[in-house]
Amino acid sequence: ITKYDDFIPKGKTGLRAYNCSQYCKKSEVAESFENLIKNIMQKYGRYDLTTTEYQRFKADSNRFNKTNKTTEYLYILGKQ
């Protein structure tokens, strides 16, 4: 509406079609972060990655994916 152009609303929500970032696509995110780290972060310092698993909230039981755990990824850049 704020763009004052014509578009055809899609689905139940009526949202515009849009292009997702490569960081928002499950099939591309791992490779995208790997490339980001190799090509950008390494020139600024020492890179490290740590992960921690957490139990998911019980109140979130109606979700599609019924896993019991979620994994947190912490990307660390030690500046040189």
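Tabulated results
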read-out: Förster radius 25 Å - calculated FRET efficiency between residue 7 and residue 29 (Cβ-Cβ, nearest 0.05); value: 0.35
read-out: Peptide ranges 30-37, 68-75 listed from the most packed, as the mean C-beta count within 10 angstrom indicates; value: 30-37, 68-75
read-out: Global size of region 1-49 as Cα Rg and Dmax, reported in angstrom; value: 17.7, 49
read-out: C-alpha long axis of helix 29-39 to longest principal axis of the chain, angle in °; value: 50 degrees
read-out: Out-of-range pairs (alpha-carbon distance over 25 Å; input 12/69; 38/66; 38/79; 43/69); value: 12/69; 38/66; 43/69
read-out: Under 18 Å from the Cα of residue 26 - aspartates and glutamates, other chains or at least 8 residues apart; value: 34, 72
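Coordinate-derived values only; no laboratory data. Because the structure is predicted, anything quoted here is derived from the model rather than measured. Backbone-built Cβ (ideal geometry, glycine too); neighbour counts: all protein chains shown.
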